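The values are calculated or read from the model by the stated rules, or taken from the named source; none is laboratory data. This one's a predicted model, so the numbers in the text were calculated from it and none came from an experiment. Cβ sites come from the backbone with ideal geometry, for glycine too, and all protein chains shown count toward neighbours.
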Amino acid sequence: MFERIVVGYAGDEAGRDAVKLAGALAAALSASLTVVYPYSPLLCAVPADAAEQRIREEFEALLPASQELAEATYHWSSSSWPIRALHSMASYEHAGLIVIGAARKGLTGHLHASLMERMVHGAPCAVLVAPTGYADRDVGAWRRVGVGFTDSTEGRAALRLGHELAGVLDGELSVLAASWLSTVIRSYAAQAIAVSTLENETYAQTSASVERAVVELDPGTPVRTQTIKGDPCEVLVEQSDGLDLLVLGSRAYGPLRHVLLGSVSAPVMREAHCPVLVVPRGSQPDEDKAEGERAAVSASVG
């Protein structure tokens, strides 16, 4: 489970949302926190220790008496690209999770989306996104964990992680699957057989795949399944309103395709009502890669 959590903070709305989420989750999981914040010794008028103290005071106002934030490790980064700084720190710390906020003031919606998606791609671990305004919410127990399931490598990885989280948090797991036909398939179906027939067959296949996957889970944690007809993005965003956490899998493309997060996980990550945890394929920390990153980290992180 997530023994070390890395969270990025730049003093903006996204940072406050991320810190509120990271602090609450760290408390629930008894995890350690590492806070990464931007600081340039050549450009800042205050020394590094004063900058860190100011951030600690801001966190005290945000999450009073938070032991996790009080005991957190604080690192500044002079990197102009926050994605690189957080990825490098997560590798260096062997972190299991990076936490970021969904809102970024001063950025257009398109650029904001690109930053979130790029954060997931190439991440050495899972990435958790705090929805806009999370810092102003009353955070309660993490009882309702959902998984957006697809019958794929990524979907099964998300299911296993969601089940483990629900067990650790003493909650229940909702396994959500969307059954739908794309526009292209509908056009072909309309020429061959009744669309409703294909919809029913697809629904039955989707439901069966969910039940097969759930049977393989270890017993002990309450699990309920739902197969819902509709566009996966719309289904998951709507269902997220009743969850404390939604877990999704995502393909991990190479650097030339890093902007392609996936047709489902990207919009859900941006629009969900609850925090969204994205598990990229191959995101487990690699020891050799982590060792190779240490020299690069020390050059930009204090």
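Observations on the structure shown:
- Any hit, region 51-68, residues being surrounded by 14 or more Cβ atoms within 10 Å (Cβ to Cβ) and among the hydroxyl-bearing types (Ser, Thr, Tyr): yes
- Exactly one residue among SER32, SER40 is surrounded by fewer than 24 Cβ atoms within 10 Å (Cβ to Cβ) and at pLDDT below 95, and that residue is SER40.
- If the condition is being assigned to a loop (DSSP other than H, G, I, E, B) and more than 23 Å from GLY140 (Cα to Cα), then region 30-76 contributes TYR39, SER40, PRO41, LEU42, LEU43, CYS44, ALA45, VAL46, PRO47.
- Qualifying positions in region 209-236 - aliphatic (A, V, I, L, M) and touching a strand residue (DSSP E or B) at 6+ places or on another chain (Cβ under 9 Å): VAL210, ALA213, VAL214, LEU217, VAL223, ILE228, VAL235, LEU236
- Hey, HIS87 at pLDDT below 90, in a helix (DSSP H, G or I), not hydrophobic (A, V, I, L, M, F, W, C) and not assigned by TED's automatic domain parsing to the domain that holds GLY167 or not: no
- Looking at ALA72, ALA22, ALA18, ALA48, just one residue is over 24 Å from the mean Cα position of the chain (by Cα), surrounded by 12 or more Cβ atoms within 10 Å (Cβ to Cβ) and touching a residue at least 24 places away in the same chain (Cβ under 8 Å), and that residue is ALA48.
- Residue match in region 129-147 (condition: under 16 Å from PRO232 (Cα atoms), surrounded by 14 or more Cβ atoms within 10 Å (Cβ to Cβ) and either modelled with pLDDT of 95 or more or not assigned by TED's automatic domain parsing to the domain that holds ALA90 (or both)): yes
- Selection within region 216-252 - within 22 Å of ALA141 (Cα to Cα) and either of a type in the set (Ser, Thr, Tyr) or assigned to a helix (DSSP H, G or I) (or both): THR221, THR225, LEU236, VAL237, GLU238, GLN239, SER240, ASP241, GLY242
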